[in-house]
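**Q** Before anything else, here's the structure in question.
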Amino acid sequence: MNKTSIYGLTLEQLTAWLLEHGHKKSRASAVWEWLYRKRVTRFADMEGMNPGCLQLLEEHYVFQTMEEHVRQESSDGTVKFLFRLYDGNLIETVLMRQKYGLSVCVTTQVGCNIGCSFCASGLLKKSRDLTSGEIVEQIMKVQLYLDQAGQGQRVSHVVVMGIGEPFDNFANLLNFLTTIKDHKGLAIAGKGITVSTSGLADKIREFADANMQVNLAISLHAPNNELRTQIMMINRAIPIEKLMPAIDYYLEKTNRRITLEYILLKDINDREEHALELAELIGERRSLANVNLIPYNPVDEHSQYQRSERESVRAFFDTLKKQGISVSTRLEQGVDIDAACGQLRSKQIKKAKGQAESAGSAVVG
C-alpha cells in the first residue's frame with residue numbers, strides 16, 4: 001500500500017505536515033474536524049476546504065486500510081468485528097455495551113509473542129505491529145457502525161486489550177492514545193481509556209514518564225513466579241521481582257490506581273492459598289490497586305484449562321476482601337459468540353486453511 005492512513009497522524013503531526021507543504025495551520029484543524037467530528041470517509045466530502053489542500057491529502061493518504069470480514073452480534077449487544085487488513089491479515093475489534101457507556105476493545109498487533117498458555121490470541125505468533133492509523137481506524141469503523149444506526153451513540157470508553165502486547169508497539173500506542181483523546185476530535189476522556197500489558201517492566205516505567213493520563217492494567221494471573229511462569233511465558237524474562245518495582249515506579253510517578261488482572265483457572269490459581277499469597281504480594285500497594293477477577297473463556301486448543309467454579313470465584317473474592325484488597329469481577333459479555341480474545345480470528349484462519357486444503361485435494365483427485 002503506497003499511501004498511508006490519514007488516521008495515523010495526530011493533530012500536531014497533521015499540522016506540521018500541512019505547514020511543511022505550504023498550507024495554513026487552520027486547515028489542519030478543519031481537516032481534523034471533518035475526520036473526527038463530522039466523520040466523512042472521503043476527502044471529496046470535506047466541503048469548503050482549499051482544493052489544493054484536499055488534492056495534496058488525496059495524493060498521500062487514505063481513509064480505508066481495512067474492511068469488515070466477519071461481524072458477530074451477541075444477544076447482549078456485544079459486537080465482534082473481524083477486519084481484514086490491506087495485506088490480508090485479520091484482526092479483532094469488539095464493541096461492548098456497558099452501563100456507563102459504549103466501550104471498544106482494540107487490537108495492537110497481528111498475532112502475539114507473549115505466550116500466555118490460556119490465550120487464543122497467542123495461537124498465531126506476531127507477524128507485525130499495527131500502525132497507529134490501523135489502531136485508530138478500528139475505533140472509527142465502530143463509530144461509523146454506530147452512526148449508521150442513527151441513534152446518536154458514540155464510543156465513550158476504550159480498552160487496549162485485544163490481540164497483541166500494546167507496550168511491544170509503544171510509539172504507535174502513544175500516537176493512538178494522543179489522537180483519540182484530542183478534545184477537538186473524538187475527545188475520549190483519559191479516565192475512560194485502559195491499556196493492558198502483560199508486564200513489560202521497562203515500558204511500564206516509560207509509560208509512567210509519558211504521563212498519558214489513562215488507566216493501566218497489569219495481567220498478573222498468579223501470585224508467585226512458579227505459577228506465573230507456568231501460565232505466562234513472559235515471566236521467565238520478567239519475573240515478579242522485576243515487575244513489582246516497575247509497578248511501584250508507576251504508582252509513585254503518576255499516583256494513579258492500577259488494575260491487576262487475574263484470570264481464574266480451575267484448580268490452577270483459584271485456591272484460597274493463592275488469594276492469600278496475592279494479598280501479601282500487593283501489600284501496601286492496596287490503596288492504589290484493584291484486583292479484577294476474570295472468568296475464563298475456554299479455548300479448544302487450551303483444553304488443560306477449565307473455568308473456575310462459582311463457589312471458588314466467590315471464595316477467592318471474599319478472601320481478598322477480608323485482606324483489605326479492592327476487588328471486582330469482570331462482567332461477562334458476548335458469551336454466545338466467540339468470546340475469547342483471538343478466538344474468532346483463529347477459527348476463521350483455520351476455516352480458510354481447511355477450505356484451501358479441501359480444494360487442493362479435489363484438484364489432485
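The values are calculated or read from the model by the stated rules, or taken from the named source; none is laboratory data. Predicted, not measured: the structure shown is a model, and the values here were computed from it. A quick note on method: Cβ atoms are made from the backbone with ideal geometry, for glycine too, and the neighbour counts reach across all protein chains shown. For accessibility, only protein heavy atoms count, side chains too; no ligands or nucleic acids. Shrake-Rupley method; radii C 1.70, N 1.55, O 1.52, S 1.80 Å.
**Q** Any of LYS25/LYS80; LYS126/LYS253; LYS24/LYS80; LYS25/LYS181; LYS80/LYS181 with alpha carbons more than 29 Å apart? Name them for me.
**A** Over 29 Å apart, Cα to Cα: LYS25/LYS80; LYS126/LYS253; LYS24/LYS80.
**Q** Note down the Stokes-Einstein diffusion coefficient of the chain in µm²/s, whole number, using a Kirkwood radius over alpha carbon pairs, 20 °C, and 1.002 mPa s. Mind showing how you got there, number by number?
**A** Numbers: Rh = 21.9 Å.
D = 98 µm²/s.
**Q** Relative to the first principal axis of the alpha-carbon coordinates of the chain, what is the inclination of helix 132-149, with its axis defined by its Cα atoms, in degrees from 0 to 90 and to the nearest 10?
**A** 80 degrees
**Q** Starting from the 7 Å offset along Cα-to-Cβ, what nm value, one decimal, do you get for the label separation of GLN64 and GLN230?
**A** Modelled inter-label distance: 5.0 nm.
**Q** When the Cα centres of the range 126-161 and the range 181-250 are compared, how far apart do they sit, in Å?
**A** Centre-to-centre distance over Cα atoms comes out at 22 Å.
**Q** Need the list of aspartates and glutamates near LYS242 for cross-linking: C-alpha distance under 20 angstrom, and skip anything on the same chain fewer than eight residues off.
**A** GLU165, ASP168, ASP202, GLU206, ASP209, GLU226, GLU252, GLU261, GLU277, GLU280, GLU284
**Q** Right, something else. Are there any GluC sites (Glu not before Pro) in the range 281-310 that are in a DSSP loop and have at most 14 other Cβ atoms within 10 Å? List them by number.
**A** When the GluC sites (Glu not before Pro) of the range 281-310 are filtered for loop state and at most 14 Cβ neighbours within 10 Å, GLU309 remain.
**Q** Enter the angle in degrees (range 0 to 90, nearest 10) between the Cα long axis of helix 343-364 and the first principal axis of the Cα atoms of the chain, meaning the one along which they spread out most.
**A** 70 degrees
**Q** Determine the dipole magnitude for the range 31-88: charges of +1 sit on the beta-carbon of Lys and Arg, -1 on that of Asp and Glu, nothing else is charged, the reference point is the Cα centre, and the result goes in debye to the nearest 20. All intermediate terms of the calculation are to be shown ahead of the outcome.
**A** Working: 7 positive and 10 negative charges, 28 e Å.
Its charge dipole is roughly 140 debye.
**Q** Summing -39500 (n - 2.57) over the DSSP H runs of n ≥ 4 in the chain and dividing by its residue number, what mean residue ellipticity at 222 nm do you reach, to the nearest 500 deg cm²/dmol?
**A** Values: 11 runs with 140 residues, N = 365.
So the calculated ellipticity at 222 nm is -12000 deg cm²/dmol.
**Q** Mean separation of Cα pairs under 8 Å and 6+ residues apart, divided by the residue count of the range 1-140: what relative contact order is that in percent? Show your work: numbers first, answer last.
**A** Details: 184 pairs, mean separation 29.0, N = 140.
Dividing the mean separation by the residue count of the range 1-140 yields 21 percent.
**Q** Which percent of the Cα-Cα distances in the range 235-276 go past 14 Å?
**A** Everything past 14 Å amounts to 64 percent.
**Q** With all protein chains present, how much of the accessible area of the chain (probe radius 1.4 Å) comes from carbon and sulfur, to the nearest whole percent?
**A** After summing per-atom areas, the C and S share lands at 48 percent.
**Q** Turning to a different aspect of this structure: For the range 235-297, what does the accessible surface come to per residue with a 1.4 Å probe? Please give it in Å².
**A** Value returned for the range 235-297: 47 Å² of accessible area per residue.
**Q** How much net charge surrounds GLU20 when only other residues with a Cβ under 13 Å from its Cβ are counted (Lys, Arg +1; Asp, Glu -1)?
**A** Details: positive: LYS24, LYS25, ARG27; negative: GLU12.
With Lys, Arg at +1 and Asp, Glu at -1, the net is +2.
**Q** For the charge dipole of the chain, defined by +1 on Lys and Arg C-beta atoms and -1 on Asp and Glu C-beta atoms about the Cα centroid, which residue among ILE114, TRP17, GLY133 has the Cα displaced farthest towards the positive pole?
**A** About the Cα centre, the residue reaching furthest to the positive side is TRP17.
**Q** Can you check how the C-alpha radius of gyration of the range 239-310 compares to 2.2 N^0.38 Å, as a plain ratio?
**A** Expressed relative to 2.2 N^0.38 Å, the Cα Rg reads 1.28.
**Q** Right, another one. Where does helix 11-20 land angle-wise versus the long Cα axis of the chain, in degrees 0 to 90, nearest 10?
**A** 30 degrees
**Q** Now for a separate question. Give me Rg over Rh for the range 1-105, both radii from the alpha carbons and Rh done the Kirkwood way, two decimal places. Can you show the working numbers first?
**A** Numbers: Rg = 16.7 Å, Rh = 15.8 Å.
Here Rg/Rh amounts to 1.06.
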